[in-house]
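One structure below.
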Amino acid sequence: MSDLDTQYDGKSLNRYNDEDEKDKKSLTFFKRIKLNFFRVHNYFHSELGKSKRTLLLLFIVIFLFFWITDSTIPNTFIDQRSNQAPNQVPGKSAKSNWLSRKKDPRFVIILAANEGGGVLKWKSEQEWAIEHISIANKKAYAKRHGYGLTIKDLTTVKRYSHEFREGWQKADILKQTMREFPDTEWFWWLDLDTLIMEPEKSLEDHIFNRIDEITDRTLENFNPLNLELDQPYTDYSEEMNLLITQDCGGFNLGSFFIKNSDWSRLFLDMWWDPITYEQKHMVWEHREQDALESLYASEAWLRSKIGFLPLRSINAFPPGACSDSSDDPRYFYNERDHDFVVNMAGCNFGRDCWGEIQYYAGLMKKLNTRWYTRFFF
Amino acid sequence: MVLKPKSKKGSHKANESSSQWPLGIPPLSSTKKYIGTKNLRIKLSSIFVGVCILLYVFSKFFNSRGSKPTNQYPPVHGLYMNELSASSRLIFPHVEHATILKEIGIRGLYVFRAEIDGSKQYVLKADDKPLTDEEKKKTTDQVYLVKKSFLDHGKLVYRKKSDEPDIVIVTLVDFERYDLENIVKVVQNRVDYAQIHRYGVYVRWIQEFLPVMSNQDMDSNYDFYKGLVMRAALHAFPRAKKFLFIDQDALIMNLNLSLKKHLLDKNILDVALLRNVPIKPGSNVKTYENLDFSTVSMVIPQDENGVLDLTSFVVSNDYYSKAFLEFLIDPIVRDYGWQESFPSVVAHVLQWHPQLLSKTAVVVPKIMASEFDDTRSDDDVDAFHYTEGDLIASFKGCREAGVCAKYINNMYSKTKKT
């Protein structure tokens, strides 16, 4: 038997198959497995051996394809927090190494970092850590689906420091980003205190392929501000260009979508007007959010193109936010429902931002771990 | 090796069959058997594929039943929920009612309601139902009929697919401040012009918009009503392209001049365009040097003092014009307590919103609102004042001087007709 063990090769196998029945009878189970392995091995060699060259070629082509496409994705990450050269358009220079006619990604995430930072107080260690986690989360998401990501600095700047101009920074950043990514279809504004909890969901599947089913055009079903429901001249058959959410206190702009269109540019231009701010800056606590609510309340050209997503679809709250209506399931993140994004809105007002982001980052990891990943760690 | 099976052949067969399909792939030695079972495999796989397709079809079927029907949203409507389809592209009120309407007065036309904050206001009943033809026949109360015809006039919209006008002439008329004779001439003037060029006409009583305003002292915000009527006109003619507002203190003098060949012609606009001029006196914001005429949405003249002249202006049926008009009539803008005149408010909007300014052609008044001055001789031609052959003569400021009736009577007889 030991002889047989060492002699196994293709030749002996064939001979064995045909003639050597005597020995075969006495084979143990282990031996039989071994034998079968060689049969399979032979089968592949005889059948596929002829097309070796084609297979190699195919493999090389596939490998090159993925390599090239993969290496072009990270170029849509543009971190502009320390961009000191405003004349240079970073989107243009960073792109275009493989194909010069490469288009902008269909979706670009605008992450607002450093809000009010660096001027009124030093940034704490925890704030740095929060920023790090949040950015890594969006980077991974954008890379996974081939979206663009641009990180914008919201540092307090003197030009916005006048009380009439406080809320205007957001519109300026959006306008600037639209110039940077002229071919992009949708921009997704995200505040820093957000985490994408389900990175597997693509924006296409989660929102844009079923946009009519998940959006609400009127306030009939949910109207926390008690705005006038009916507005003359509003045409709901128009295509939506701005997708926002409402929380317990009204419009929430912590996470929203705006289309790259002439309408959007006009809207960003009309959003701010000195005389509306002069009248309301004492009342409008949430600045641009309140300004938008006011425009929505009385101007039909705007109302006609705004759609409301459920808060939990892109902007779910942790239990600490909207605490007055803590029993309302419409607002709060639910891990069993796999809500897409959690927004720790207002966590720096008497809540623990660091604790919250740690909790949700841990939860995200747990929810997105598959049983087989255990083998790799 | 000690124990030997009883039958060599039998044991071999058993052995063979047990190792026949290693990893589901037939060994080389059993290709014949494989071919034998091929038919069965094809059958099995075809059944499997068939079941899959059936499942797929059914899942689609169930899904479409299970998903919610697409949301039904309210249709677009104007100030009134109920609307009437106009039979003609010439929409103008029964001007002969002017004297009766004046007798009824605003108080008789609208509900006067006390608001929560103690103020009293006229209110618009948005769900007011139009009078049917039968009801009209039954009613003998003349005053009621006049009142209803006044309220129903705002419900008229042009929805016919045939005979659609490209251009609509819009005018506000006022039964409180103007005489019947005057109103008839102004409306007739617009209708005559529209008939020649197959335009639409949209004339409304200015009093129809009073309850929309929060400040209902009409004399203090008389010009803001222009924004309201223009927005209503865009809704009444949703497929018309350009809308020309002409003030009631102005007459179309050269009826043969078509707007397409005149005001809306690229070459004429190019000549008439005011480039790089301050949008209002003393403003740092200037009009653009270059303007894409194909995308111009608004045309507004500016007089010799550098002040915009809203006697006559053009808007288009796009969101730039809608945003412009709706921003002007937004309560937060309209009721701001402006210390300046309406043209200055318009200039404010344009100077703070470059997107709107870039779609606005600021032009010399000569092409659309030549100022009429009877002290000037006909030989004194400039870019601002009326001379024979101009499209529109504007009697701006005639109401304050009390000479509107005289001017309109004089000039109406001079209008050129074919």
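Miscellaneous remarks
- The modelled label-to-label distance between B:Glu176 and B:Gln195, using points 7 Å beyond Cα along the C-beta direction, is 3.2 nm.
- Each Lys and Arg contributes +1 and each Asp and Glu -1, all at the Cβ; summed about the Cα centre of the range A:80-373, the dipole is approximately 1680 debye.
- Modelled FRET efficiency - R0 56 Å, B:Asp166 with A:Thr155, Cβ distances, 0.05 increments: 0.65
- For the range B:68-215: rounded, prolate or oblate by the Cα gyration tensor [a/c cutoff 1.5]: oblate
- FRET efficiency for the B:Asn410 to B:Leu84 pair, using the beta carbon distance and R₀ = 35 Å, is estimated at 0.40.
- By the Cβ distance rule of under 4.7 Å, chain B has these cysteines without a partner: B:Cys52.
- When the Cα gyration tensor is reduced to axis lengths a ≥ b ≥ c, the ratio a/c is 1.5 or higher for the range A:202-347, and with a/b not above b/c it is classed as oblate.
- For the range A:80-373, relative contact order (Cα pairs under 8 Å, six or more residues apart, normalised by length) works out to 21 percent.
- If you run the Gaussian network model on chain B, springs between alpha carbon atoms under 10 Å, then out of B:Ala272, B:Ala323, B:Ala401 the most flexible one is B:Ala401.
- Potential extension, A:Asp183-A:Glu238 segment - 0.36 nm per residue separation minus Cα distance: 17.6 nm
- Quotient of the Cα radius of gyration of the range B:249-380 and 2.2 N^0.38 Å, N being its number of residues: 1.07.
- Estimated FRET transfer efficiency (B:His94, B:Ser119; beta-carbon r; R0 30 Å; 0.05): 0.40
- Label zone (A:Leu225, point 7 Å along Cα-to-C-beta; backbone nitrogen cut-off 11 Å) within the range A:297-328: A:297-299, A:303.
- Spin-label pair A:Ser323/B:Ser214, simplified geometry with 7 Å Cα→Cβ offset, distance in nm: 3.4
- Cβ-defined net charge surrounding B:Asp292, 14 Å radius [Lys, Arg +1; Asp, Glu -1]: -1
- When A:Trp271, A:Trp371, A:Trp188 are sorted by how many other C-beta atoms sit within 10 angstrom of their C-beta, beginning with the fewest, the order is A:Trp371, A:Trp271, A:Trp188.
- Pairs of Cα atoms farther than 32 Å apart, chain B, %: 49
- Computed magnitude of the charge dipole of the range A:226-372 (debye, nearest 20; Cβ of K, R +1, Cβ of D, E -1): 800
- Residue exposure sequence - B:Val299, B:Val191 - by fewest surrounding Cβ within 10 Å: B:Val191, B:Val299
- Overall form of the range A:80-373 per C-alpha gyration tensor (a/c, 1.5; a/b vs b/c): rounded
- Rounded to 10°, Cα long-axis angle of helix B:142-153 versus longest principal axis of chain B: 50
- Relative contact order of the range B:101-238: 28 percent, from C-alpha pairs under 8 Å at least 6 residues apart in sequence.
- Residue list for the range B:298-337, given a label point 7 angstrom along the Cα-to-Cβ vector of B:Ile268 and an amide N cut-off under 20 Å: B:298-304, B:309-317
- Fewest neighbouring Cβ atoms within 10 Å first, the residues A:Ser325, B:Ser312, A:Ser134 line up as A:Ser325, A:Ser134, B:Ser312.
- Relative contact order (percent, whole number), the range B:84-412, Cα cutoff 8 Å, 6+ residue spacing: 18
- Angle of helix B:319-329 to the longest C-alpha principal axis of chain B, folded into 0 to 90 degrees and rounded to 10: 50°.
- Degrees separating the helix B:225-236 axis from the principal Cα axis of chain B, which is the longest one: 40
- In a fully extended conformation the segment linking A:Glu198 and A:Ala140 would gain 19.7 nm over its present Cα-Cα distance, using 0.36 nm per residue.
Read the figures in this text as sums done on the coordinates, not as results from a lab. If you're wondering where the values come from, they're calculated on a predicted model, not measured in any experiment. Note that we place each Cβ from the backbone using ideal geometry, even for glycine, and neighbour counts take in every protein chain shown.
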